[in-house]
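Have a look at the structure below before the remarks.
The values are calculated or read from the model by the stated rules, or taken from the named source; none is laboratory data. Please read all numbers here as calculations on a predicted model, not as lab measurements. Glycine also receives a Cβ, built like all others from the backbone with ideal geometry; neighbour counts cover every protein chain displayed.
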Amino acid sequence: MNAQPNLITQQKSESDNIQEFDLMALFGALLDAKWFIVGITTLFMLLGVGYAVFSTPIYQATAMVQVEEKGSSVPGFDDVSGMFESTSAAVTEIELLKSRSVIGEAVDQLKLDMVVQPKLFPVIGGRSFRKFVATEENEIAEPSFGAESFAWGGERIDVHRFNVPNRALGMEYVIRVTAGNGFTLLDADGQEVLSGKVGEEVKQGTFEIAIRTLVAREGTEFSIVKRNRLQTILDLQSWISASEKGKDSGIINLSFQHEDPMYAEMVLDKVAAIYVRRNVERNSAEAQKSLEFLEIQLPEVKRSLERAEKAFNNYQIRQESIDISLETQGVLEQIVALETKLQELELRRLELGRKFKREHPSYRGVVEQIDTVKRQRNELTGEVQDLPETQRELLRLKRDVEVNNEIYTLLLAKTQELDIVRAGTVGNVRIVDYAQANTTRPVKPKKALIVVMATLLGGLCAVAIVLIRKALHKGIEDPAEIEALGLPVYASIPFSEYQVKLTGFAKARKGKVAKAKSILAIDNPADLSVEALRSLRTSLHFAMLEAKNNVIAISGPSPGVGKSFVTVNLATILAQSGKSVLVIDGDMRKGYLQTQFGMKWDNGLSDYLSGRLTLEQVVKKTQVEGLEVITRGQIPPNPSELLMHENFTKLIGEVSAAYDLVIVDTPPILAVTDPAIVSAHAGTTLLVSRFGQNHAKELEITRNRFEQNGIDVKGVVFNGVVRKSANAYGYYGYYNYEYKSEK
């Protein structure tokens, strides 16, 4: 009943152990590469510091504009100016401020589509140019490194006009200073386009340039670009930032960033000024239109008044009539009042006609009032018909004079009022703060942030490289991976620094196998590697109990795994334990066991197999008691065929009977077939695998290669184990500890 829960608990525990192992192994890999990580992080930090120091500072100019809810009015004329008041939301004003018409006018006035800059020395030139402070007028810095074509500080140029054909828009040209206050314009290929003097307008075909001021040494170069006007406007629209401060506050904050603070202030002030001026023009447009209409009407009304007065005076002279009766005077006053009111309503109708359609209620209301006044006027005109003819004519002429006079006076007053309203219009926006840039604290680059981010980026990149390298590097570093293939690990031999001194490994050329000049087990018997080999000796004692003979074949998957090192030192340890041991260098291609014993390679195995020498002639004694060796001999053209000869079988039979142990060092199995031939005569076959070099798949192929030849690999010697943090944090402890007596 409880078996299933226990199984689940066990699986969960194993999963947790694997996860913890992976994390600790990764942590150990990072510790192993700590100096690499520190180096890369330091490099990135230094690059960040360099960028922060030498990068061009960017300054920000800011300005503030207020958008009022209503336009201002002139005291005493609220009824007139009320027609021209307008309400503008801040969002709408922002779009108007950044419109192409406003930005475009600023581009044209400031010539922003023309970019002129001195050529600076790479990397350090910008900082040198900015740090130069002139002590007198027109002083320039001395060139460094003999680079006289670059500007080093104090150089300036004022280009008044620069025109190029459309095909050359956006292309960079070079202005080179020449002797005698002259200059030369060069294209991108270094070809001269035109040349002239400062202060003169120079033209050559469609190219035109005029330079007002030029302060620089002879040979100094400036880059100049005539940009596309529309593209310049679009860029400025994106560079100039405008936002409302708070919700419905009517306060617009403007900002513009540039490396030149004076340039940023100039551009922002110009844009704000153009925007305010256009706002005033927009708000006074209605008054201007009404004023233009009245100015057209006034001369006509004045001429009508003059004609009416002349006709009235002539009639009085002709009829010798001086005045009209009181009754006629009363009617006249009523008619004049109605005519004046009718004229006012007509003006009102014209104004509303420009704003609304004829179906609008306001327009229709004025039309109805006009009809009513006309009816009243017609009624009074009918009453006049009962008067005598002289009085009627006199009344008509007098009415014309009075009506035209009233209309003229009314229009003249309206004209003056509208003129005052137009002149007094200030718009519903105003500049609160003019543009100003803080030159003591640039907004970019943020040096501290750049250094911190560069350092973090360097650390992350270094960690990523270490982890990726670990993921891609499949070399076995855990003996458990070998045992997972079904191959027992007989011993894990630590990497020996002392052996490096013996082999001169550090001086070995790339691609060459280091050859030891002596035996580690003799020179330093207390070395950890030697102790590990002693444990291998013990393991072999039990592993060979059921072997068919006392011959051990040692091979490996690839060169450089340490087969010869294991062979020689294992044989030495066995001989020191009182056994008679024979070492045979079975690598007749590149064998070098003779170097460790201090002898020559001649008169060796190949000479015996070819029948040229006898066994007694090829066996050589060493400095180790009980240890003898057969070197590789003359390099034959057919090593595999010699090993398959019956002489090799005869050799194995003789030496197996004559010695307690026979160890044969063979070449790599994945390179040649010699190890399989030798192992067929041996009772025990061992593989040597090197820490971090051989892959699991490589060992698996090696074992399969032996099994295809009917050979059973007894086990693996894990050589060159390096004590790493990645190993120490794992769950395998295949590293020997030093344990020796104190001297």
Which residue is farthest from the chain's Cα centre (by Cα), if the candidates are limited to region 429-470 and must be assigned to a helix (DSSP H, G or I) and among the charged types (D, E, K, R)?
K470
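To keep it simple, each residue is scored yes or no on (1) out of contact with any helix residue (DSSP H, G or I) (no Cβ under 8 Å at 6 or more places or on another chain); (2) of a type in the set (A, V, I, L, M, F, W, C); (3) closer than 22 Å to S55 by Cα.
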position: R212; (1), (2), (3): yes, no, no
position: E221; (1), (2), (3): yes, no, yes
position: I224; (1), (2), (3): yes, yes, yes
position: Q231; (1), (2), (3): yes, no, no
position: A242; (1), (2), (3): no, yes, no
position: G246; (1), (2), (3): yes, no, no
Can you name the residue in region 419-449 that is modelled with pLDDT under 65 and farther than 30 Å from Y263 by Cβ and is also surrounded by the most Cβ atoms within 10 Å (Cβ to Cβ) among such residues?
T425
For region 698-743: of the residues being among the hydrophobic types (A, V, I, L, M, F, W, C) and part of a loop (DSSP other than H, G, I, E, B), which is modelled with the lowest pLDDT?
V722
Which one is nearest to the chain's Cα centre (by Cα) among residues in region 575-594 that are surrounded by fewer than 24 Cβ atoms within 10 Å (Cβ to Cβ) and among the charged types (D, E, K, R)?
K590
Restricting region 135-154 to residues that are farther than 14 Å from A216 by Cα and of a type in the set (S, T, Y), which is nearest to the chain's Cα centre (by Cα)?
S144
Going through region 195-214 one residue at a time, which ones are within 42 Å of the chain's Cα centre (by Cα), assigned to a strand (DSSP E or B) and of a type in the set (A, V, I, L, M, F, W, C)?
F207, I209, A210, I211, L214
Give region 613-632 a look and list any residue that's over 12 Å from L593 (Cβ atoms), charged (D, E, K, R) and part of a loop (DSSP other than H, G, I, E, B), or say none.
E625
State yes or no: is V336 surrounded by 13 or more Cβ atoms within 10 Å (Cβ to Cβ), under 30 Å from V65 (Cα atoms) and modelled with pLDDT of 65 or more?
no
If A682 satisfies every condition in (1) buried (at least 23 other Cβ atoms within 10 Å of the Cβ); (2) not in a loop (DSSP other than H, G, I, E, B) but one, which is the exception?
(2)
Across region 31-49, which residue is surrounded by the fewest Cβ atoms within 10 Å (Cβ to Cβ) among those that are more than 13 Å from V452 (Cα to Cα) and not β-branched (V, I, T)?
W35
If only one of E155, E218 is in contact with a strand residue (DSSP E or B) (Cβ under 6 Å, 6 or more places away or on another chain), under 29 Å from E136 (Cα atoms) and surrounded by 19 or more Cβ atoms within 10 Å (Cβ to Cβ), which one is it?
E155
Can you tell me how many residues in region 189-215 are within 25 Å of E139 (Cβ to Cβ) and of a type in the set (S, T, N, Q)?
1
For the list (1) surrounded by fewer than 14 Cβ atoms within 10 Å (Cβ to Cβ); (2) at pLDDT below 80; (3) of a type outside the set (G, A, S), I need the number of the one condition that I468 fails.
(2)
With the checklist (1) surrounded by 12 or more Cβ atoms within 10 Å (Cβ to Cβ); (2) out of contact with any strand residue (DSSP E or B) (no Cβ under 7 Å at 6 or more places or on another chain); (3) over 19 Å from M262 (Cα atoms) in hand, flag the one item A134 doesn't pass.
(3)
Return the total of residues in region 595-629 being small (G, A, S) and surrounded by fewer than 18 Cβ atoms within 10 Å (Cβ to Cβ).
3
Can you tell me which of I677, I635, I669, I663 is without any contact (Cβ under 8 Å) to a residue 40 or more places away in the chain and either under 20 Å from D607 (Cβ atoms) or not in a helix (DSSP H, G or I) (or both)?
I677
Mind counting the residues in region 187-208 that are among the aliphatic types (A, V, I, L, M), touching a Phe, Trp or Tyr at 6+ places or on another chain (Cβ under 8 Å) and buried (at least 17 other Cβ atoms within 10 Å of the Cβ)?
2
Just to be sure I understand, how many residues within region 596-612 are part of a loop (DSSP other than H, G, I, E, B) and within 60 Å of the chain's Cα centre (by Cα)?
0
